[in-house]
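The values are calculated or read from the model by the stated rules, or taken from the named source; none is laboratory data. Note that the structure is predicted; figures quoted are calculated from it, not measured. Every residue, glycine as well, gets a Cβ built from its backbone with ideal geometry; the counts of neighbours run over all protein chains shown.
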């Protein structure tokens, strides 16, 4: 890290940004991308991500000019000397990036990748075992992700324009959503019971109880999820006493789902990608957090976003402290959050008594 040298870089005509992972992780870097765009308005910003980034970003206004898909595994498995990667790095060298920024974690795998791009200047974060970059900050796990990436881009003179993410919703997004969920006189509430880790999944019975109360108050309930989350979606609907809940499991593309969330009166979700997408399209959302994840992935404002937090840290089966270690047991760390807490925040956001 160059001391006291956080300033706008001269002759920066092309910028590469590396961030190749899931939906929620992608949304965390949006304020940083906006800051880069406004700081370097004439530069071409190239986002190096995954195939899904290519399809999602090209459909809407975005603070990057192009998206390039990184060959699979390059950032999670480390670099391997195989022809596809060599071809990729030859193509990247031909881009002649002036600046390459790593927004992909501690840098054990991503910093060697970034250095292979051949950029004139590099920036990012690093753990003690990761290669040095020209401008860097230490990667400390317990830091809010939005602020982490804003701090990184500040190394090259980019300062925040906004703290929350923002994603434009297109007419195509809305059209696809209406093809699956038509117009209704009832306000739409989307429940998302899935999450990558079981520890971050609220019990389906509690989701169902919340859904029943909202349905009795005149709201149209829709339960969303990806194909691997089908059992959770169907479990919530089966546990509901009220009829009419919509099963949206794997019914919409990410673009269509974006349109649906934009139309919704409220989203209630575990801490996972759809919750953060709801934040980015401006839909009110109640998000259920485990305390450790609240520190790193919690929203920065409260006008439309209400986090509810479980402070449980010990595994109920083996007793291990999950804030410092992991175990093999399957359990929820957020089951202690009560349905009345969720409903209270939901009705406050909905403006209902």
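What to note about this one:
- Just one of the listed residues (164, 151) is crowded, with 16+ Cβ neighbours inside 10 Å, under 18 Å from the mean Cα position of the chain (by Cα) and outside any loop (DSSP other than H, G, I, E, B), namely 151.
- In region 179-201, the residues that are without any contact (Cβ under 8 Å) to a residue 40 or more places away in the chain form Cβ pairs under 7 Å with partners that are assigned to a loop (DSSP other than H, G, I, E, B), at six or more places apart or across chains, as follows: 186/218; 186/219.
- The helices (runs of 4 or more DSSP H) falling completely within region 225-338 that include 2 or more residues that are surrounded by fewer than 21 Cβ atoms within 10 Å (Cβ to Cβ) map to 230-239, 254-263, 291-297.
- Residue in region 179-188 that is within 22 Å of residue 297 (Cβ to Cβ), surrounded by 17 or more Cβ atoms within 10 Å (Cβ to Cβ), modelled with pLDDT of 95 or more and in the same structural domain as residue 252 (by TED's automatic domain parsing) present: no
- Region 118-133 - residue that is buried (at least 19 other Cβ atoms within 10 Å of the Cβ) and more than 22 Å from the chain's Cα centre (by Cα) and, of those, farthest from residue 8 (Cα to Cα): 130
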